[in-house]
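The values are calculated or read from the model by the stated rules, or taken from the named source; none is laboratory data. Computed from a predicted structure; not experimentally measured. Backbone-built Cβ (ideal geometry, glycine too); neighbour counts: all protein chains shown.
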Amino acid sequence: MTSVTVAAAGRKTRRSGAHAVRRKLLVHGVQVAVLVVVLGFWQLYVGSDSRKIILYGVPSGIVGRLKEWITVGTAVGSLGDQIRVTLEEALLGFLIGTVLGIVFGLAMGRVRFLADVFGPFIKVLNSIPRIVLGSVFVLAFGLGLESKVMLVIVLVFFGVFFNAFQGAREVDRNLIANARILGASRWQATRQVVLPSAFTWIVASLHVAFGFALIGAIVGEFIGGLQGLGVLIKTAQGTFDANGVWAAMVIMGAVALAAEWLITRLEKRLLRWRPPQLSGPDL
Amino acid sequence: MRKDFRSPAGEIYTALRDVDLTVGAGEFCAVVGPTGCGKSTTLTLVSGMERATAGWVRVAGQDVSGITKGVGFMFQTDAILPWKNVLENVAAGPRYRGVDKRTAYADARDWIRRVGLAGFEDRYPHQLSGGMRKRVALAQNLINEPRILLMDEPFSALDVQTRALMSNELLGLWDLTHPAVVFVTHDLEEAIALADKVVVMTAGPGGTVKAEFPIDLPRPRVVQEIRFEPEFVDLYHRVWETLRAEVDIAYSRTQSPAGVTR
């Protein structure tokens, strides 16, 4: 009886292994097909009609523009420099904004007095369309790095702040009480109990926050900048170069994807203590 | 002592009234009573997590203000940190107090062995069974060598067999450092099997001590078997007589809408 069960289980595992491979192939196959259909339709629709190329761009033209940027360089300098400038602004702002968001969020989530005092200010600041602050920052801090970093900080801060705030408020009271009874000071309890517990919430906000960081950097460059992907897009738009706009977007997509991958790695590392409990699919 | 809670609506709820309870050094005291009688509140007052509204709580002659020193607390639900493994969890107390890592971890390994978890040092809490998590909590408290160990229905979430096993081990571990224990439970059998003294509380709100029963059963005891002893049965009858009236009162209060339940 036992041997029969074991044998059956063994076959089942092998089969589900093959099944997993087939499934993966199917998923990737459909993904490629979707891409081919969309790009193919686009290519065929626009064709070599020069008026349509100016309006919509065309996949083959976008590839050509990318090649040109890589080999010859762009109108505002080498492509590598543009990516570096934008990334520098986005990352710097992202780091500062995230740290500020975590610090303020945890502080206000733990200290009632702070929440009461600063709550209304935060709500007001959050409700205004912050992207407009870009103009203010460009006027105040000039066309260089600082104005973009400021804009990114403002965009990143709120998302992280609200998640950290909520995370700090949802910490299991027993965990804190237990740590305090075991001898933890208030500060130790905050660092070793509240912070890790809120990390689940904070890390979730980082995905969205990095998207906002890229938006902030690009829009900042749009409003007033000398270098960067935003400037590249603006220049392309100014010269009716739809292919250039699309090409810059492809680059941003690649950057965002890489960042997303890194954040997911970080998430897995920080939250590896968690039991696997997701009931829905991973993205 | 007396403890009032103010509800968000501003009403005052008296959880405890005129509670007078003394637990001697190294004494194992079990507290039983119907739901909502303020058993758990008593523990939070001793631990210093809450302050008494009137009266005083003293531990080793010192008035309690802020978290009591030299106290351990086992919660009804798990309170070990889910993002730390067993070793880090058990070593947490010494680490908080500034003991260096090597000493704290060596100490923690000792206690992990004593509670029977050797080999599980690098597991995370979610990889352990309910009983094993209780062992971690026990080791985490005992490593601090508390003078008083407060236990709030610590084994109520466990199945009956695991619970009896854990009770037995608790007695064995208690013998090592011999702290005073205040063990809150609703299970009279468990209370008598473990304790030197069983305290019965009256139904809440405004619960107070109704009676104290010394339990002079010989030690060491085997929790699973002691309940068949004639002395045990006799004690059980006597304590139950006292407790039953309160359980009835508590039950009737949950039935009437005027009764305040927690």
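When residues of the stretch A:14-55 are filtered for being modelled with pLDDT of 90 or more and of a type in the set (Lys, Arg), how many remain?
3
What's the number of the only condition in (1) more than 20 Å from A:Phe141 (Cβ to Cβ); (2) assigned to a helix (DSSP H, G or I) that A:Ser48 fails to meet?
Against the list (1) more than 20 Å from A:Phe141 (Cβ to Cβ); (2) assigned to a helix (DSSP H, G or I), A:Ser48 comes up short only on (2).
Return only the number of the condition from (1) touching a residue at least 24 places away in the same chain (Cβ under 8 Å); (2) within 14 Å of chain B (Cβ to nearest Cβ); (3) not small (Gly, Ala, Ser) that A:Val219 does not satisfy.
(2) is the only condition that A:Val219 fails.
Quick check on my filter: what residues within the stretch B:230-244 are hydrophobic (A, V, I, L, M, F, W, C) and more than 15 Å from B:Gly36 (Cα to Cα)? Give the steps one after another, and end with the answer.
First, the residues of the stretch B:230-244 that are hydrophobic (A, V, I, L, M, F, W, C): B:232-233, B:235, B:239-240, B:243.
B:Phe232, B:Val233, B:Leu235, B:Val239, B:Trp240, listed by residue number.
Can you pull out every residue in the stretch A:115-128 that is in a helix (DSSP H, G or I) and either within 16 Å of A:Phe157 (Cβ to Cβ) or among the basic types (Lys, Arg) (or both)? Reasoning before the result, please.
Going residue by residue through the stretch A:115-128, those that are in a helix (DSSP H, G or I) are A:115-127.
If the condition is that a residue be in a helix (DSSP H, G or I) and either within 16 Å of A:Phe157 (Cβ to Cβ) or among the basic types (Lys, Arg) (or both), then A:Phe118, A:Gly119, A:Phe121, A:Ile122, A:Lys123, A:Val124, A:Leu125, A:Asn126, A:Ser127 are the ones that fit.
What's the number of the only condition in (1) at pLDDT below 80; (2) basic (Lys, Arg); (3) under 15 Å from the mean Cα position of the chain (by Cα) that B:Arg2 fails to meet?
Status for B:Arg2: all satisfied but (3).
Name every residue in the stretch B:34-49 that is more than 10 Å from every other protein chain (Cβ to nearest Cβ) and on the phi < 0 side of the Ramachandran plot, in order of residue number.
Taking the stretch B:34-49 and keeping what is more than 10 Å from every other protein chain (Cβ to nearest Cβ), we get B:34-43, B:45-46.
Result: B:Pro34, B:Thr35, B:Cys37, B:Lys39, B:Ser40, B:Thr41, B:Thr42, B:Leu43, B:Leu45, B:Val46.
Let me spell it out: the conditions are (1) within 21 Å of A:Ile131 (Cβ to Cβ); (2) hydroxyl-bearing (Ser, Thr, Tyr); (3) touching a Lys or Arg at 6+ places or on another chain (Cβ under 9 Å), and A:Ser205 meets all of them except one. Which number is the exception?
(3)
So, of the residues in the stretch A:182-211 that are under 22 Å from A:Phe161 (Cβ atoms) and at the interface with chain B (Cβ under 9 Å from one of its Cβ atoms), which turns out to be surrounded by the most Cβ atoms within 10 Å (Cβ to Cβ)? Step through it out loud before you land on a result.
Residues of the stretch A:182-211 under 22 Å from A:Phe161 (Cβ atoms): A:186-187, A:189-211.
Now restrict to residues that are at the interface with chain B (Cβ under 9 Å from one of its Cβ atoms): A:189, A:192-193, A:196-197, A:199.
Values: A:Ala189: 21, A:Gln192: 20, A:Val193: 23, A:Pro196: 19, A:Ser197: 19, A:Phe199: 18.
The qualifying residue surrounded by the most Cβ atoms within 10 Å (Cβ to Cβ) is A:Val193.
Which residue pairs have Cβ atoms closer than 9 Å, lie 6 or more positions apart in sequence or on different chains, and pair a first residue in the stretch B:51-80 that is more than 10 Å from chain A (Cβ to nearest Cβ) with a second residue that is surrounded by fewer than 17 Cβ atoms within 10 Å (Cβ to Cβ) and of a type in the set (Ser, Thr, Tyr)?
B:Arg51/B:Ser65; B:Thr53/B:Thr14
Do we have any residue at all in the stretch B:166-178 that's touching a residue at least 12 places away in the same chain (Cβ under 8 Å) and in contact with a strand residue (DSSP E or B) (Cβ under 6 Å, 6 or more places away or on another chain)?
No, there is no match, as no residue in the stretch B:166-178 is touching a residue at least 12 places away in the same chain (Cβ under 8 Å) and in contact with a strand residue (DSSP E or B) (Cβ under 6 Å, 6 or more places away or on another chain).
Using beta carbons and a limit of 6 Å, which pairs, at least six apart or on different chains, have the first residue in the stretch A:163-181 and more than 14 Å from chain B (Cβ to nearest Cβ) and the second one surrounded by fewer than 20 Cβ atoms within 10 Å (Cβ to Cβ) and in a helix (DSSP H, G or I)?
Final answer for the pair search is A:Ala168/A:Arg110.
Listed here are the residues, each with its yes/no results for (1) over 24 Å from A:Arg274 (Cβ atoms); (2) more than 23 Å from the chain's Cα centre (by Cα); (3) more than 8 Å from every other protein chain (Cβ to nearest Cβ).
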{"position": "B:Val86", "(1), (2), (3)": "no, no, yes"}
{"position": "B:Arg95", "(1), (2), (3)": "no, yes, yes"}
{"position": "B:Thr103", "(1), (2), (3)": "yes, yes, yes"}
{"position": "B:Arg114", "(1), (2), (3)": "yes, no, yes"}
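Residues checked against (1) in contact with a Leu (Cβ under 8 Å, 6 or more places away or on another chain); (2) among the basic types (Lys, Arg); (3) farther than 25 Å from B:Asp110 by Cβ:
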{"site": "B:Arg147", "(1), (2), (3)": "no, yes, no"}
{"site": "B:Leu150", "(1), (2), (3)": "yes, no, no"}
{"site": "B:Leu171", "(1), (2), (3)": "yes, no, no"}
{"site": "B:His178", "(1), (2), (3)": "no, no, no"}
{"site": "B:His186", "(1), (2), (3)": "no, no, yes"}
{"site": "B:Ala195", "(1), (2), (3)": "no, no, yes"}
{"site": "B:Val200", "(1), (2), (3)": "yes, no, yes"}
